[in-house]
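The block underneath contains the structure these notes are about, expressed in C-alpha cells.
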Amino acid sequence: MQTTRTTLQLLRESDFPEILAMFHEPETFKYIGPLAHQSDDFYRDFLRTRMHWATRQQGYYWVARLQESGELLGCLNLTPFRDSERIQLGFQIRRKFWGQGFASEIAPKAVAYGFEEWGLEAIYGYYETEHLASGRILEKLGFEPLERIELADEGVAIEVVVLKKKPGSPSPQKSIAVLPFVNMSTNEENEFFSDGITEEIINALTRIPELRVTSRTSSFYFKNKNLPIREIGEKLNVSLLLEGSVRLAGRMMRITAQLIHAAEDFHFWSDTWDRSTDNIFEVQDEVSLLIAEKSREFLGHFEIQDHLVSRQTASLDTYSWYLKGRYHFRKWNPEDARKAVECYDQALAQDPQHAESILGKADALSFLATTGNLPAEEYMPHYENLIREALDINPHLPEGYYQLSHLHYFIYGNFADSLKAAQRSFELNQNYPEANQQMAFLYLCAGRPDLARPYIERSSEIDPLSQEALFFKAYYLYRSGHFPEALEVLNQSLADNPYNVPSHSVKAYCLLKLGQYEEALHYFDQIPQEIVVEEDKLGIQTLAYHFLQENEKADELIRDLEKRARKPEGFRANSFLLFIYGLRNEKEKALAWVEQEMQKGSSFLLLHYSDPLTGEVGKDPDYLQYQNRIFALAEQAKSQTAKKALIPSEEVDALLNKLYELMEKDELFLDLNLSLKSLAEKLRLHPNQLSWLINEKTSQNFNQFVNSYRVKAFQEKALDPQHAHLSILGLAFESGFNSKTVFNTYFKKEVGMTPKAWMDRK
C-alpha cells in the first residue's frame with residue numbers, strides 16, 4: 001500500500017534489525033507500555049508472531065518507509081486485541097518523525113483495509129491516556145470513546161475506542177452539507193432565489209478539494225422535511241451541517257447562516273449579512289469564504305483560495321433569469337424543461353455572453369431531445385454548438401466538460417476525447433458528482449474497475465441519496481463480477497424509481513450471470529411497459545434462450561436481431577450481437593463485429609467490449625488485442641504528488657514558539673472573537689499557513705487548540721477563591737468561551753466529564 005509520502009509493506013524478517021533499533025529508541029516507545037524496554041529475543045518473538053498472523057489472515061503488521069529514501073518511519077498493525085475477538089489498530093512512529101502528520105497519513109490505510117478487504121464489523125484503537133496526540137489522530141479517524149481498561153499485570157492505563165461507523169464508511173472529518181436555505185421573503189415566487197443562493201454556496205465550497213461537500217441532489221432531499229439534525233447528519237454522513245435563510249425585499253437581501261456539529265447537534269457559529277443584490281457575486285464570495293473559514297476552524301486544516309465565487313455577469317437581470325431557469329430545470333420534467341429554456345433565452349437576451357445560461361440551455365435541450373420531446377436529429381447539433389460556445393467564453397466550467405465528455409462518448413464513440421473531457425471536469429471540481437460518475441463509467445467500460453473504484457466511492461460519499469450514485473455503484477459491482485451484490489443494489493434503486501431504464505437493463509444482465517434464466521426471459525414483461533425498448537427485450541430473451549440451451553428458439557431470435565441490426569435505426573439490436581457471438585464462442589463473428597463498430601465510431605462498442613457477457617471470446621488474446629486501440633487512454637491515471645509544506649521547515653519551531661507565547665503569555669484565548677484569521681495576522685502568516693501549523697504540529701484543529709487553553713483557564717479560575725462569586729457559566733465566559741454549549745462540549749472532551757461533575761469533585 002502507498003500513501004502520499006510513504007510505502008507500507010507487510011513485515012519481513014529482513015526488517016527485524018531496523019525495527020529492533022527503533023524499539024530501543026528512548027522516546028519512540030515511551031507510550032507503548034509493556035512493549036517498552038524488553039530484550040531483543042522478546043522483540044524477535046513478538047515480530048515473528050505478527051508475521052505468522054498475516055500468513056493465516058489473523059492480523060496484519062505493516063512496515064512504513066519513506067517513499068523517496070526508503071528510511072524506516074514506523075509500524076502499523078491490525079491485530080487481535082489480547083484474547084478477545086476484537087481487532088485493534090495500532091501504530092508506532094519513530095520520534096524523529098513526530099509532529100509531521102505521518103500517523104494521520106498511514107492510519108486511515110489500515111482502517112480502510114480492515115473494512116474493505118478484511119470485512120471487519122468494527123476496529124478498536126487504543127492509546128496511553130497521557131499520549132494525547134495519538135488520541136487526537138484516532139478522533140480524526142472517527143473513533144469514539146468506549147471504555148478505559150488496564151493491561152493485565154502492567155498497571156498501564158489504556159483508553160479503548162471503537163469505530164462505530166459501518167464498514168467502509170469511517171466518519172468523514174472534513175465534510176459539510178449545505179441544507180436548502182429557507183425563503184423568508186413575503187413573495188413565495190422568490191423560492192428560486194433562496195434555492196439559487198444555496199446552490200451557489202454549495203458550488204463555492206466544492207472548489208476546496210480537501211473539503212468533502214454533499215451534492216445539491218442529496219442536500220435538497222431534505223427540503224421542507226423537519227427531521228432531527230443528527231438523523232440528517234447520519235444519512236449524509238457529514239460532520240457539519242449549514243442551515244440558513246434568505247429574505248429578499250426589492251434590491252436588498254438578508255442572508256443568515258449557522259454551522260452545526262451534526263453528531264452532537266450544537267450550533268457553534270452564526271452570522272447575518274444585509275447586502276444589496278447589485279453586488280450578488282461579491283456577497284456570495286464573502287459568505288462562502290467565511291463559512292469555509294469557520295468550518296476549517298472546527299474541522300482542521302485545508303487550504304482555502306482567496307476567492308471562491310467569480311462574477312458571472314454584470315447584469316443582475318441575467319443572473320435572476322438564469323436562477324429561474326435552473327430552478328425549473330431541476331424539476332426534471334418536460335414542461336419545466338421548456339420553461340427553463342425560455343428563462344435561459346431571457347437571460348441571454350440581456351447578456352449573450354453568459355456562459356452558465358448557454359450551458360443551462362444546452363442541458364435542457366438535451367433532456368428534451370433524449371426524452372423524445374424534441375427531434376434529436378434536429379437539436380443535437382445545436383446542443384454541441386452551445387457546449388462549445390459556453391466553454392469558449394468560460395473554459396473553467398466543470399459542467400461543460402462533463403457534457404462534452406458525454407457528447408464524445410455517445411455521439412462520436414470517441415473514448416480518448418471523452419476521457420480527456422471527463423478528466424478536465426474532475427480536475428476543475430473533485431466534488432462534482434457527475435464528473436466522478438463519468439470517470440468511473442469510462443474506466444469500467446475500459447475493463448479497469450480498479451481505476452473506477454475511487455470515483456465510485458467519492459460519488460457515493462458526496463451524493464449518497466441520489467439515484468445516479470446508486471446506479472453507478474451497482475454498475476461497478478456488476479462490471480467487477482460481484483453479481484449478487486449488484487442485484488441487491490439494483491433492487492434498492494428500482495424500489496425507489498421503477499422507471500429507471502439503465503437499472504432495469506443491468507438487472508437483466510445480472511439475472512443472466514446468476515443463472516436465473518427463466519426470470520430474465522420474462523423480465524421485461526414485469527416492468528412498466530412504457531419504458532420497454534423492444535430491441536432490449538428481444539436481446540435479453542435471445543441470451544436467456546441460449547443459456548437455457550433452447551437452441552432453435554435462440555437461432556430464430558438471432559436471425560431477427562441480425563435483420564433488425566441491418567436497418568439504420570437498428571443500433572440497439574446490433575449491440576446484442578457481440579454478446580451472442582461471444583457466448584457462442586463464435587470468435588470470427590465477434591472480431592468482425594468489433595472491426596465494424598470501430599469503423600463506425602460506435603458508443604455501443606465502448607459500452608459492451610469489456611462487459612462480462614462477452615463470454616469466453618472476451619478472454620481470447622485475439623479479442624484482447626483491441627483493448628489498447630479502443631481504450632488508449634484508460635491507463636492514464638494521475639499519480640499523486642506530495643504537497644509542499646506551507647512553511648519552510650527552518651521557520652516552524654520559531655513560529656510555534658511565538659504561537660505558544662501569544663496564547664500563554666498574552667492570553668489571546670481570552671478574546672471572545674478570536675479567529676484563525678485574526679491570530680494569523682498577529683503572526684504575520686496567511687490563514688492557510690497557520691491552519692497547517694496548528695493541525696500538523698499539535699494534531700488539533702483551531703477550535704481544539706484555543707479551547708484547550710480556555711478549559712485550563714477555567715480550571716485555574718474555578719480553584720481560585722477570588723472567583724468564588726462566579727457561576728460555572730460566568731467562569732466559562734471569563735475564560736474566553738462565548739457559548740454555553742461550546743464550553744460544555746469542549747470541557748467534556750478535554751477533561752472526560754461535565755464541568756459540574758468536575759467542580760463537585762474539586
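Residues in the range 298-317 that are part of a helix (DSSP H, G or I) and at pLDDT 95 or above: how many? Outline the logic, then answer.
The first filter runs over the range 298-317 and keeps only residues part of a helix (DSSP H, G or I), leaving 298-299, 316-317.
Now restrict to residues that are at pLDDT 95 or above: none.
Qualifying residue count, the range 298-317: 0.
Tell me, which strands (runs of 3 or more DSSP E) wholly within the range 154-254 include 1 or more residues that are open to solvent by 50 Å² or more (accessible area, probe 1.4 Å) and modelled with pLDDT of 85 or more? Before the answer, list the steps.
On the way: elements: 157-162, 175-178, 240-249.
The qualifying strands (runs of 3 or more DSSP E) are 240-249.
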Per the filter on the range 203-222, residues in contact with a helix residue (DSSP H, G or I) (Cβ under 8 Å, 6 or more places away or on another chain) and either among the basic types (K, R) or under 16 Å from L428 (Cβ atoms) (or both) are A204, L205, I208, L211, R212, V213, S215, R216
Could you check how many residues of the range 615-631 are closer than 20 Å to K600 by Cα and touching a residue at least 24 places away in the same chain (Cβ under 8 Å)? 6
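Can you pull out the residues in the range 294-325 that are under 24 Å from H686 (Cα atoms) and among the aromatic types (F, W, Y)? Before the answer, list the steps.
Filtering the range 294-325 down to residues under 24 Å from H686 (Cα atoms) leaves 294-310.
Selection gives F298, F302.
If a residue has to be open to solvent by 40 Å² or more (accessible area, probe 1.4 Å) and under 10 Å from G300 (Cβ atoms) to count, how many in the range 678-691 make the cut? I'd like the intermediate steps shown before the answer.
Taking the range 678-691 and keeping what is open to solvent by 40 Å² or more (accessible area, probe 1.4 Å), we get 681-682, 684, 686, 689.
Now narrow it down to the ones that are under 10 Å from G300 (Cβ atoms): none.
Final tally of qualifying residues: 0.
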Inside the range 435-543, counting only helices (runs of 4 or more DSSP H) that do not spill past its ends, which hold 2 or more residues that are under 29 Å from the mean Cα position of the chain (by Cα) and touching a residue at least 40 places away in the same chain (Cβ under 8 Å)? 449-462, 467-479
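So which of L289, L316 is hydrophobic (A, V, I, L, M, F, W, C), open to solvent by 20 Å² or more (accessible area, probe 1.4 Å) and either farther than 15 Å from F192 by Cβ or touching a Cys at 6+ places or on another chain (Cβ under 6 Å) (or both)? Walk me through how you get there before you give the answer.
Details: L316 fails: either farther than 15 Å from F192 by Cβ or touching a Cys at 6+ places or on another chain (Cβ under 6 Å) (or both).
Going through L289, L316 in turn, the sole match is L289.
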Could you identify the single residue in L10, L66, L76 that is at pLDDT 75 or above, among the aliphatic types (A, V, I, L, M), closer than 21 Å to E696 by Cα and open to solvent by 20 Å² or more (accessible area, probe 1.4 Å)? L66
Filtering the range 411-434 down to residues that are open to solvent by 10 Å² or more (accessible area, probe 1.4 Å), of a type outside the set (G, A, S) and assigned to a loop (DSSP other than H, G, I, E, B) yields Y412, N414, N429, Q430, Y432
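Please verify whether the range 48-55 includes one or more residues that are surrounded by fewer than 16 Cβ atoms within 10 Å (Cβ to Cβ), at pLDDT 80 or above and farther than 25 Å from F143 by Cα. It would help to see each step written out before you state the result.
Filtering the range 48-55 for residues surrounded by fewer than 16 Cβ atoms within 10 Å (Cβ to Cβ) gives 48-49, 52, 55.
Pick out the ones that are also at pLDDT 80 or above and you get 48-49.
Right, trim to farther than 25 Å from F143 by Cα and you get 48-49.
For the range 48-55, residues surrounded by fewer than 16 Cβ atoms within 10 Å (Cβ to Cβ), at pLDDT 80 or above and farther than 25 Å from F143 by Cα: present.
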Candidates Y517, Y545 - the one that is of a type outside the set (S, T, N, Q), open to solvent by 50 Å² or more (accessible area, probe 1.4 Å) and either modelled with pLDDT of 95 or more or in contact with a His (Cβ under 7 Å, 6 or more places away or on another chain) (or both): Y517
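I'd like the residue in the range 548-573 that is assigned to a helix (DSSP H, G or I) and open to solvent by less than 10 Å² (accessible area, probe 1.4 Å) and, out of all such residues, is farthest from E377 (Cα to Cα). Let's see the steps before the verdict.
The first filter runs over the range 548-573 and keeps only residues assigned to a helix (DSSP H, G or I), leaving 551-565, 571-573.
Next cut, open to solvent by less than 10 Å² (accessible area, probe 1.4 Å) only: 554, 561, 573.
Values: A554: 34, L561: 24, A573: 20 Å.
So, considering only residues that are assigned to a helix (DSSP H, G or I) and open to solvent by less than 10 Å² (accessible area, probe 1.4 Å), the one farthest from E377 (Cα to Cα) is A554.
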Residue, nearest to R212 (Cα to Cα), within the range 267-280, restricted to residues that are open to solvent by 10 Å² or more (accessible area, probe 1.4 Å) and in a helix (DSSP H, G or I): N279
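Between Y509, Y475, which is of a type in the set (F, W, Y), open to solvent by less than 30 Å² (accessible area, probe 1.4 Å) and closer than 19 Å to N436 by Cα?
On the way: Y509 fails: closer than 19 Å to N436 by Cα.
So the residue among Y509, Y475 that is of a type in the set (F, W, Y), open to solvent by less than 30 Å² (accessible area, probe 1.4 Å) and closer than 19 Å to N436 by Cα is Y475.
Tell me the residue from E485, E468 that is among the charged types (D, E, K, R), more than 21 Å from S175 (Cβ to Cβ) and in contact with a helix residue (DSSP H, G or I) (Cβ under 9 Å, 6 or more places away or on another chain), please. Break it down stepwise before answering.
Values: E468 fails: more than 21 Å from S175 (Cβ to Cβ).
Residue meeting the stated conditions: E485.
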Over the range 322-338, the set of residues open to solvent by 80 Å² or more (accessible area, probe 1.4 Å) and assigned to a helix (DSSP H, G or I) is E335, R338
Which residue is surrounded by the fewest Cβ atoms within 10 Å (Cβ to Cβ), if the candidates are limited to the range 339-366 and must be free of Cβ contacts under 8 Å to residues at least 40 places away in the same chain and among the aliphatic types (A, V, I, L, M)? A349
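In this structure, does S295 turn out to be small (G, A, S) and either touching a strand residue (DSSP E or B) at 6+ places or on another chain (Cβ under 7 Å) or not in a helix (DSSP H, G or I) (or both)?
On the way: small (G, A, S): yes; either touching a strand residue (DSSP E or B) at 6+ places or on another chain (Cβ under 7 Å) or not in a helix (DSSP H, G or I) (or both): yes.
Yes.
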Could you list, in sequence order, the residues of the range 389-407 that are open to solvent by 60 Å² or more (accessible area, probe 1.4 Å) and either touching a strand residue (DSSP E or B) at 6+ places or on another chain (Cβ under 6 Å) or part of a loop (DSSP other than H, G, I, E, B) (or both)? H396
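The rows are residues; the columns are (1) open to solvent by 50 Å² or more (accessible area, probe 1.4 Å); (2) under 19 Å from H267 (Cα atoms); (3) in a helix (DSSP H, G or I).
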site: Q700; (1), (2), (3): no, no, no
site: N703; (1), (2), (3): no, yes, yes
site: R710; (1), (2), (3): no, yes, yes
site: Q722; (1), (2), (3): yes, no, yes
site: L731; (1), (2), (3): no, no, yes
site: G736; (1), (2), (3): no, yes, no
site: T741; (1), (2), (3): yes, yes, yes
site: T745; (1), (2), (3): no, yes, yes
site: A757; (1), (2), (3): no, no, yes
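Inspect all residues belonging to the range 22-38 and state whether any of them is at pLDDT 85 or above and either surrounded by 14 or more Cβ atoms within 10 Å (Cβ to Cβ) or among the charged types (D, E, K, R) (or both).
From the range 22-38, those at pLDDT 85 or above are 22; that's our starting set.
Right, trim to either surrounded by 14 or more Cβ atoms within 10 Å (Cβ to Cβ) or among the charged types (D, E, K, R) (or both) and you get 22.
Yes - at least one qualifying residue is present in the range 22-38.
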Matching residues in the range 590-619 (crowded, with 16+ Cβ neighbours inside 10 Å and either of a type outside the set (A, V, I, L, M, F, W, C) or within 14 Å of F571 (Cβ to Cβ) (or both)) number 16
Checked the range 130-147 for anything open to solvent by 20 Å² or more (accessible area, probe 1.4 Å) and either under 15 Å from S699 (Cβ atoms) or modelled with pLDDT of 75 or more (or both); matches are E130, H131, L132, A133, R136, E139, K140, L141
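The values are calculated or read from the model by the stated rules, or taken from the named source; none is laboratory data. On a predicted model such as this, the values are computed, not experimentally measured, just so you know. All Cβ positions, even for glycine, are placed from backbone atoms using ideal geometry, and neighbour counts span all protein chains on display. Only protein heavy atoms, including side chains, enter the accessible area calculation; ligands, DNA and RNA are left aside. Shrake-Rupley method; radii C 1.70, N 1.55, O 1.52, S 1.80 Å.
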